[in-house]
Every structure is written in C-alpha cells, then in structure tokens.
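What follows is one structure encoded as structure tokens, with my remarks underneath.
The values are calculated or read from the model by the stated rules, or taken from the named source; none is laboratory data. Note that the coordinates shown come from a computational prediction; the quantities given were computed from them, not determined experimentally. Virtual Cβ from ideal backbone geometry, glycine too; neighbours counted across all protein chains shown. Accessible surface is based on the protein model in full, side chains and every heavy atom, while ligands, DNA and RNA are left aside. Shrake-Rupley method; radii C 1.70, N 1.55, O 1.52, S 1.80 Å.
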Amino acid sequence: MADPTTGTGTTPSSAAVTSGSDPLQYSPDQMLSLWTGWMEQMSTAPQVLQSAAWPTPWPTPMPHVPLAEDALARHLAKDPLLRSIDQIWNANPLREVVPIDWAGIAWALRTVWLRSMNRSEAATSLMDLGQGVWQSLLTTWDEAGRSWLGLFGLATEPAPTGRPDKRFSAPEWRTNPAYLALKELYLLASDWLLERGEIDDLDPAERQRLTFHLRQFVDAMSPALVLMSNPVALRKALETGGASLIDGARHLAEDLAAGRLSMVDANAFAPGRNLALTPGKVVHRNALMELIQYTPATEQVRQIPLLIIPPWINKYYILDMQPKNSMVRYLVSQGFTVFLISWRNPDASMDGTGMEDYVDLGPLAASDVIREITGSETVNAMGYCIGGVLLTLTLAVLAAKGDARFNAASFMVSPQDFSRIGDTAVFMDEPTLDLVEQQMMERGYLDSRAMSNMFNLLRSNDLIWSNVVNNYLLGNRPPAFDLLYWNSDSTRMTRAAHSWYLRNTYVENNLIEPGKVSLKGVAIDLGRIRQDTYAVGCEKDHIVPWDSAWRISQLFGGAVRYVLASSGHVAGVINPPGGKGEYRTARDGEPQAATPQDWLKGAERHSGSWWPDWSAWLAARSGPLTARPTLGSDRHPPLGDAPGTYVLQS
C-alpha cells in the first residue's frame, strides 16, 4: 500500500491529500460528502461487500465558492445525506419500533455544517480526517498481519487491541482486515463528526442537545447494524441456512404489530409468579396506592418500622425482584418491619390527581396506617428515584407544620437539585414539554411509552441497538432478564401531577430555592429537613448523575451520610451482598466537602455491596428489638396477599 505522506500511490484519494492544493478549495458541501459517502456505503452494504474497492475518502477537488446561509440551507435541503436519511428511514420498518428523533438529528447536522461553512479550520480538520483515514488503514493491515503471524507463533509482540466497544466484540472485527478497517473508519468518522459539534458560541444547553443528536446519529449508523456488514449475523445466517433471517423477519413483524421494540421475553416473568415473591399482605388501599406489609423473617424486629416509597413511573417490584436480589427480602431478614407503597397505574379518570394528592394518599396515608398497626410513634422512610422527590416534599411539608412522624430518611439515586441531570435535559426544552402537556391534555395521562423511550435513548446502544441486532439480524428471541422485564413494565402518569413535577423540577428547578414552591398551604424549604439522612448515588447513573444525588448533603439541614455506589441507576441500587461492585463513603471525622469532586477525593473505598452499611446505619436509628407486629390490625385488616392488585394493572 502507498504511503499517504509521500503521495506515491495510484488511488485518487491519496493524490488529493497530497496535491498541494489550497485547503480552502474544499467547500462545506464537500465536507458533508465525506460523511455522505460513508453513510451511503452503510446503506448499500451488499453492493459494497461485492466490490473490492473502498469508498473514496476525499471528494473531487472543486473551486471554493462561499455560500450565503439561505443558499446553503437550500443546498442542504437537496443534499444527498439529509435526503438519504429521510428516504432510508421512511422506507425502513424500524422507524415504527425504534424511537429515534431524526428531525433532531437533521437539525444537528445542519447546525454543524452551517457553523463551519466559512471556517478555514474546518478544511484543516477535513485534511486531518483524511490523513487519519489512511493512517487507520495502515494500522489495520499491520494489526491484521500481526494476527496472522500469531496463528503460526511468529508474532514478536501482541497486536494492539484498539478501543473497547461491545458492538465490535466478535473476533472478525479484530482479525479480518476488511471488518477491522470498516470498524476503524466508522469510529474515526464518528469521532470526527462529534468533534464538529463542539461549537464554542452555543450556550451549554444547546451544545448538549447538539452533541446528543450527533451521538444518536453515529450510533444509528454503526456497521454492526447492517446485515451484510455484521460478521456474526452473516455467520449465523450461513450456519442456519437462512433460518435466522426468517426468524428475524418474524420478530420484526411481531414488534411492528405491537408498535414497540421487544427488549425482553415478556412471558418469562410475572409479579407473583417469579417476581415480587416476598410474603406479605395488602393492609390498605386507596385511590392511588396499595400499602403492603411484609411478613417478618425474624423472631424479633426493630421497633421503628420502615416505609419504602418507590417511583410512581415504575412498578414497585424493582425492590422485590427474585429472592436472590430482593432488597425487601434482605431488609426483613435483617429484622426490619417493612411496609411498601404499590402505586396504582393511572387512567384518564385520574386526570386531575395532583402532587398534593400524591403526598396525602401516599406517604401521609401510609404513615398513619403504619403507626396504627405497629404502635410506633415514628416511621423511617426510604425513597427511590422520584419516590425520593416525593419523600423530600413530604418531609418539607411536615417540617413546616412541626409534624415529627418521620424519623430517619433514606434516598436512593434521588435528585433534589435538577441543575445536573445529564442528557435528560435534552428532553426538557419548552417545545418538548409543550408537546408532552398537549398529549396529557388529550389523554388525561402521560403514556408510559413516552417516558420509557426517553430513558432508553439515553443508553441507545445498550437498550435499543443491541436489541435490534439480537432480535432482527440474529433472529434471537429477546433475553429473559428480570431487570429488563421490570424496565418494560412501566406505568402511566397523571396529567396534573406530572405537569407540576416537570415544571418545578427539570424546567425551573424550584425545590432548591426556599419558599419558591408551596404545597398544602406551606412553603417548601429543604433546609428545614433535619432528619438523619442516608443518600446513595451511582457513579455510572445516566438518569440522576452521582454529583446531583450528592447535593442533598448541602440542601438538607440534618446530618447526611452520602454513599457512592458503582454501576448505574438500577444495577447500582439492586446490588445484594455477595455480588460484584464497590462503594465509597466519606472518611470518619472528615469535614463536610464543599463540592462533589472534593468529596470524591477524600472518599474511602469499600468492596462489595453497600446494603450492609445501610442496614447498620438504619438499625442504629430503628430502636430496640421488640416482638414482631401482626399483619394488619382491626382497623386495617389484610385485604389480600402481596403483591396485591395494583401492580398487575396494565
């Protein structure tokens, strides 16, 4: 192969790179055509693999003619990239099951090219990309040669492994020169485009939105998503005589009929059958929730009971999955009397149910029942995710009224300060919220699928595209995975409560300003919350970033023990003893850190699950051991077995 730095080759691309022409001769439309050529190769993969020629990485030189913005806009409207996006996606059946926002992607691409249309550094960047392409090809062949020598024991040193990426874990992506080159070219082009999104004069929110949509585009254009450029799919098609392709087509047809992408075997699990199995009774039911009291597992229990408040946008059994990873089962085995709220799945008749109703019919109603059944004057409480936001509001209301019914409080991946919400902010601009509120006005609730799609897009490679490959290219059934089953079993949200929540948290971030919000006739001031508090954040959380969860230590008026767990929003919380992972805590005697970064620098690492640490902290605030209470009481007799009826509503 020719050395691109000397220009001694026969390919037009290498000659273009070293022609010595003025870099400004490459116009913005030619910059765009580089990505176009790559994307067109991806969309016509069968023809590509039948040809030995690689796509030309440089356009034919043309005189540079500055374009006015309106003229460029007309040009982009006819551009092959944007046109091919529209044509390919509208002709693609996946558009009915994959929630990709192509309008947002087209906006991001237009923004990049409009901003770079007359910048000389853009041409320099393109030259760097061209040189990077050829360097990548040279490296690819070198790595392939090392791999072949290694088969005969002749390699003097191992070949570089490149950047880790689960999408390209098949051996062909490392050992086959064609696949290796395709992967490296894709990753190089992806990085190049994402760098073009680093526009300094955009405000941070707009830059975040731009980067998010560019990332969605490059993820959607992965060669691993095309049958003829996915070695695993091709190998399986050959091994099965094409049966895998037939199965994949059938799975796609089933998902099209259902209007959603299948992420899990929907028949593998069910609450009460192999999930939510911890024994207990429903001891109270109202229009918004069922209260479950779990059967004690020890002869004596802690005097002060524990109330668990799960998020109302998901089913509660994330905290009571299978016996091996059930937090509820673990807690009762540690001698705690556990009560848990199971939220009703709202319908149109609950249109006007607001946040005050959630406070009244949720934590307040539950605490009244719990105190009557157990005889305890106080209740400890734990809130998970936005269940923790509801607990925060409840504690602030009670603090303003001098009501001390709640003792210690725990918060799992729960935000109070919404200034740090990661890529979730992309979905919280005014146009999007206006659309959400319009949909809620029409239906009386927010469809659970809308929220599920948003969270899935935050991890599109893991939660969307990996399933596209598994279900349609490989023809496999979705996996039987309990956490994914729970993730797909989401609930609707009442219009009034959800609108209040979005406006006062994600949009205006009112909770952190004392007196900015009023509920039940009192002003909300988080500084009045003086309960001892245990708060958990997760270092890879894409929904509630760990430094956002840490802010509770500055906002609450009482002592806060903050714990940073490994993994993400769900796996970091559902991490029972005996599994993997680690957690960090502040060192004993350390003063309160001023920033999350300062806290992290001084934190102490611990191996294993954080559950025993929480259990010990909670036990110290749960009173002495006493005789275990009955399930229910005369005023609140058991209404049925756990998991109850609300969790089964679809």
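Quickly run through the stretch 284-314 and pick out the residues that are closer than 15 Å to Gly362 by Cβ and open to solvent by less than 20 Å² (accessible area, probe 1.4 Å). Break it down stepwise before answering.
Taking the stretch 284-314 as the starting set, the residues that turn out to be closer than 15 Å to Gly362 by Cβ are 284-292, 307-314.
Leu288, Met289, Glu290, Leu291, Ile292, Leu307, Ile308, Ile309, Pro310, Pro311, Trp312, Ile313 - these are the residues of the stretch 284-314 that are closer than 15 Å to Gly362 by Cβ and open to solvent by less than 20 Å² (accessible area, probe 1.4 Å).
Confirm whether Asp613 is charged (D, E, K, R) and assigned to a loop (DSSP other than H, G, I, E, B). Spell out how you get there, then give the answer.
Working: charged (D, E, K, R): yes; assigned to a loop (DSSP other than H, G, I, E, B): no.
Judged against the criteria, Asp613 is not a match.
For Gly537, which of the numbered conditions (1) open to solvent by 40 Å² or more (accessible area, probe 1.4 Å); (2) within 15 Å of the chain's Cα centre (by Cα) fails to hold?
Of everything listed in (1) open to solvent by 40 Å² or more (accessible area, probe 1.4 Å); (2) within 15 Å of the chain's Cα centre (by Cα), Gly537 misses just condition (1).
Could you grab me the full set of residues in the stretch 412-427 that are among the hydrophobic types (A, V, I, L, M, F, W, C) and closer than 14 Å to Val507 by Cα?
Of everything in the stretch 412-427, those that are among the hydrophobic types (A, V, I, L, M, F, W, C) and closer than 14 Å to Val507 by Cα turn out to be Phe418, Ile421, Ala425, Val426, Phe427.
How many residues, within the stretch 220-246, are at pLDDT 90 or above, surrounded by 18 or more Cβ atoms within 10 Å (Cβ to Cβ) and either touching a Ser or Thr at 6+ places or on another chain (Cβ under 6 Å) or of a type in the set (Asp, Glu) (or both)?
2
Would you confirm whether or not the stretch 372-383 contains a residue that is of a type in the set (Asp, Glu), in contact with a His (Cβ under 9 Å, 6 or more places away or on another chain) and either over 20 Å from Gly272 (Cα atoms) or not in a loop (DSSP other than H, G, I, E, B) (or both)?
For the stretch 372-383, residues of a type in the set (Asp, Glu), in contact with a His (Cβ under 9 Å, 6 or more places away or on another chain) and either over 20 Å from Gly272 (Cα atoms) or not in a loop (DSSP other than H, G, I, E, B) (or both): present.
Any residue at all in the stretch 192-205 that is without any contact (Cβ under 8 Å) to a residue 60 or more places away in the chain, surrounded by 14 or more Cβ atoms within 10 Å (Cβ to Cβ) and either in contact with a helix residue (DSSP H, G or I) (Cβ under 6 Å, 6 or more places away or on another chain) or closer than 16 Å to Ile105 by Cβ (or both)?
Yes, some residue in the stretch 192-205 is without any contact (Cβ under 8 Å) to a residue 60 or more places away in the chain, surrounded by 14 or more Cβ atoms within 10 Å (Cβ to Cβ) and either in contact with a helix residue (DSSP H, G or I) (Cβ under 6 Å, 6 or more places away or on another chain) or closer than 16 Å to Ile105 by Cβ (or both).
Within the stretch 562-572, is even one residue free of Cβ contacts under 8 Å to residues at least 24 places away in the same chain and touching a helix residue (DSSP H, G or I) at 6+ places or on another chain (Cβ under 8 Å)?
no
Any residue in the stretch 617-635 that's closer than 12 Å to Pro305 by Cβ and small (Gly, Ala, Ser): show its pairings with residues that are open to solvent by less than 40 Å² (accessible area, probe 1.4 Å) and at pLDDT 95 or above at Cβ separation under 6 Å, as long as the two are six or more apart or on different chains.
These pairs meet every condition: Ser622/Ile304; Gly623/Ile304.
Could you pull out the residue among Met350, Met355 that is more than 22 Å from Leu625 (Cβ to Cβ), in contact with a Leu (Cβ under 7 Å, 6 or more places away or on another chain) and not aromatic (Phe, Trp, Tyr)?
Unique residue meeting the criteria: Met355.
Name the residues in the stretch 316-344 that are more than 16 Å from Asn575 (Cα to Cα), within 28 Å of the chain's Cα centre (by Cα) and either open to solvent by less than 10 Å² (accessible area, probe 1.4 Å) or of a type in the set (Val, Ile, Thr) (or both), would you?
Once the filter is applied, which keeps residues that are more than 16 Å from Asn575 (Cα to Cα), within 28 Å of the chain's Cα centre (by Cα) and either open to solvent by less than 10 Å² (accessible area, probe 1.4 Å) or of a type in the set (Val, Ile, Thr) (or both), the stretch 316-344 yields Tyr316, Leu340, Ile341, Ser342.
With the requirement that a residue be part of a helix (DSSP H, G or I) and either touching a Pro at 6+ places or on another chain (Cβ under 6 Å) or surrounded by 22 or more Cβ atoms within 10 Å (Cβ to Cβ) (or both), what does the stretch 474-500 give you?
First, pick out the residues of the stretch 474-500 that are part of a helix (DSSP H, G or I): 482-488, 495-500.
Hits for the stretch 474-500 are Tyr485, Trp486, Arg495, Ala497, His498.
So if I check each of Pro637, Pro612, Pro624, Pro577, which one is under 29 Å from Gln303 (Cβ atoms), under 26 Å from the mean Cα position of the chain (by Cα) and surrounded by fewer than 18 Cβ atoms within 10 Å (Cβ to Cβ)? Before the answer, list the steps.
On the way: Pro637 fails: under 26 Å from the mean Cα position of the chain (by Cα); Pro612 fails: under 26 Å from the mean Cα position of the chain (by Cα); Pro624 fails: under 26 Å from the mean Cα position of the chain (by Cα).
That would be Pro577, the only listed residue that is under 29 Å from Gln303 (Cβ atoms), under 26 Å from the mean Cα position of the chain (by Cα) and surrounded by fewer than 18 Cβ atoms within 10 Å (Cβ to Cβ).
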